[in-house]
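The values are calculated or read from the model by the stated rules, or taken from the named source; none is laboratory data. Note that this is a predicted model, so its numbers are computed, not measured. Every residue, glycine as well, gets a Cβ built from its backbone with ideal geometry; the counts of neighbours run over all protein chains shown. Surface accessibility is based on the protein's heavy atoms, side chains included, excluding ligands, DNA and RNA. Shrake-Rupley method; radii C 1.70, N 1.55, O 1.52, S 1.80 Å.
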Amino acid sequence: MEVEFVNHSSFIINYKGKKIICDPWLEGSVFNNGWSLISKTKFSYEDFVSIDYIWFSHEHPDHFFPPNIVKIPDEYKKNITVLFQYTKDKRVVDYCKKLNFKNVIELMPNTWLNLYDDLKILCEHFQEGDSWICFKTPELTFLNTNDCGIMKEFEAKKILSKVGSVDVLFSQFSYAYWVGNPDQKELRERKALEKLNLLKLQCDVFKPKITIPIASFVYFSHIENYWLNDSVNTPKTVYDFLKNNTTTEPVILYIGEKYFFNQPHNSKNSIDLYQKDYETIKNKDFYSKTFSVDKEELYIFAK
């Protein structure tokens, strides 16, 4: 299997010519302009011409972002099948059906789906709406835990009992929420280290040969939350931590990079590229701002 990194939590699995893209957030700010992508995406809407499946992990806009989804050309959507965890409300499933994708498949818990040829997948709800997915062939097992907040060993072991040995693990590596006011940097540092230790917990249980950090390639992009960037885990931070504290081999992929299992990859080059991107956001002019609205104008919109 070939992995192509798209951005943030999005990557493409290419197996025997079929392509599955996970969580394609390509552009734009989310959470009321509170988050933006740290690096510019190279994958374009025209590139969906080669995509066969889209898997959405959960409904948060950095994973399932309707303003991006609607930009996929209609002629490409008719050849794409959407994959999503089983839910009672059917909101994501119903939304995607209205967009006229080729098909929309709900992934049932405890049920492996033979996607094509000898590739099968298992996707299950974790908690708070999140889900994980496992891609399995006779030779390889890729596990994407994404944003799943696995905090206990028994939670990881439960997943392991369902998927078997893991060759490649994809998982979040930094905090993604409000962590204190500007003067509480020590709190953010503790939370950042906690995230790394939780990733270590996954590595200790799943024992992946390779770990590819994902789902944290963002920055807090509003003038009212920018200070949260002062202690985030960067690609270099997580690479060094995994190297020094686990037996897994960390692989850092930059935007558009491809990786083949067990082949050499120069993560240093990728880290250096990200470091340049992080330097860019130190300029406060780079951040969104809150604008006041006159009372009279507000009344007009209220009507």
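Filter the range 112-126 for residues that are outside any strand (DSSP E or B) and either more than 11 Å from V163 (Cα to Cα) or of a type in the set (K, R) (or both) and give the result.
Quick first cut of the range 112-126, residues outside any strand (DSSP E or B) only: 112, 117-118, 126.
Within the range 112-126, D117, D118, F126 qualify.
Would you be able to say whether some residue in the range 236-243 is open to solvent by 10 Å² or more (accessible area, probe 1.4 Å), modelled with pLDDT under 95, over 24 Å from H58 (Cβ atoms) and among the hydrophobic types (A, V, I, L, M, F, W, C)?
No.
What about K162, is it touching a Lys or Arg at 6+ places or on another chain (Cβ under 7 Å) and free of Cβ contacts under 8 Å to residues at least 60 places away in the same chain?
Numbers: touching a Lys or Arg at 6+ places or on another chain (Cβ under 7 Å): no; free of Cβ contacts under 8 Å to residues at least 60 places away in the same chain: yes.
No: the conditions fail for K162.
Give me the residue from the range 62-113 that is closer than 18 Å to K18 by Cα and not hydrophobic (A, V, I, L, M, F, W, C) and, out of that set, surrounded by the fewest Cβ atoms within 10 Å (Cβ to Cβ).
E75
Yes/no matrix, rows are residues, columns are (1) under 21 Å from the mean Cα position of the chain (by Cα); (2) closer than 19 Å to P61 by Cα:
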position	(1), (2)
W112	no, no
H125	yes, yes
G129	yes, yes
C134	yes, no
F154	no, no
K157	no, no
L160	yes, no
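Checking G180 against (1) touching a Phe, Trp or Tyr at 6+ places or on another chain (Cβ under 7 Å); (2) on the phi > 0 side of the Ramachandran plot, which test does it fail?
(1)
Could you pull out the residue among K268, K295, K289, K207 that is of a type outside the set (G, A, S), open to solvent by 30 Å² or more (accessible area, probe 1.4 Å) and in contact with a strand residue (DSSP E or B) (Cβ under 8 Å, 6 or more places away or on another chain)? I'd like the intermediate steps shown before the answer.
Working: K268 fails: in contact with a strand residue (DSSP E or B) (Cβ under 8 Å, 6 or more places away or on another chain); K295 fails: in contact with a strand residue (DSSP E or B) (Cβ under 8 Å, 6 or more places away or on another chain); K207 fails: in contact with a strand residue (DSSP E or B) (Cβ under 8 Å, 6 or more places away or on another chain).
Of the residues listed, the single one that is of a type outside the set (G, A, S), open to solvent by 30 Å² or more (accessible area, probe 1.4 Å) and in contact with a strand residue (DSSP E or B) (Cβ under 8 Å, 6 or more places away or on another chain) is K289.
Would you confirm, using the coordinates I've provided, whether V49 is assigned to a helix (DSSP H, G or I), open to solvent by 40 Å² or more (accessible area, probe 1.4 Å), among the aliphatic types (A, V, I, L, M) and touching a residue at least 24 places away in the same chain (Cβ under 8 Å)?
yes
Quick one: is I150 within 18 Å of the chain's Cα centre (by Cα), more than 17 Å from Y274 (Cβ to Cβ) and buried (at least 18 other Cβ atoms within 10 Å of the Cβ)?
Yes: the conditions hold for I150.
Could you tell me which residue of the range 121-142 is most open to solvent (accessible area, probe 1.4 Å), considering only residues that are over 25 Å from K88 (Cβ atoms) and touching a strand residue (DSSP E or B) at 6+ places or on another chain (Cβ under 8 Å)?
Per the stated criteria, the residue is K136.
Being surrounded by 15 or more Cβ atoms within 10 Å (Cβ to Cβ) and out of contact with any strand residue (DSSP E or B) (no Cβ under 6 Å at 6 or more places or on another chain) is the filter here, so list the residues in the range 224-235 that pass it. Step through it out loud before you land on a result.
If we filter the range 224-235 for residues that are surrounded by 15 or more Cβ atoms within 10 Å (Cβ to Cβ), which is where we start, we get 225-229, 231-235.
Result: N225, W227, S231, V232, N233, T234, P235.
Being assigned to a loop (DSSP other than H, G, I, E, B), at pLDDT 95 or above and within 27 Å of L143 (Cα to Cα) is the filter here, so list the residues in the range 168-214 that pass it.
Once the filter is applied, which keeps residues that are assigned to a loop (DSSP other than H, G, I, E, B), at pLDDT 95 or above and within 27 Å of L143 (Cα to Cα), the range 168-214 yields Q172, F173, S174, Y175, K207, P208, K209, I214.
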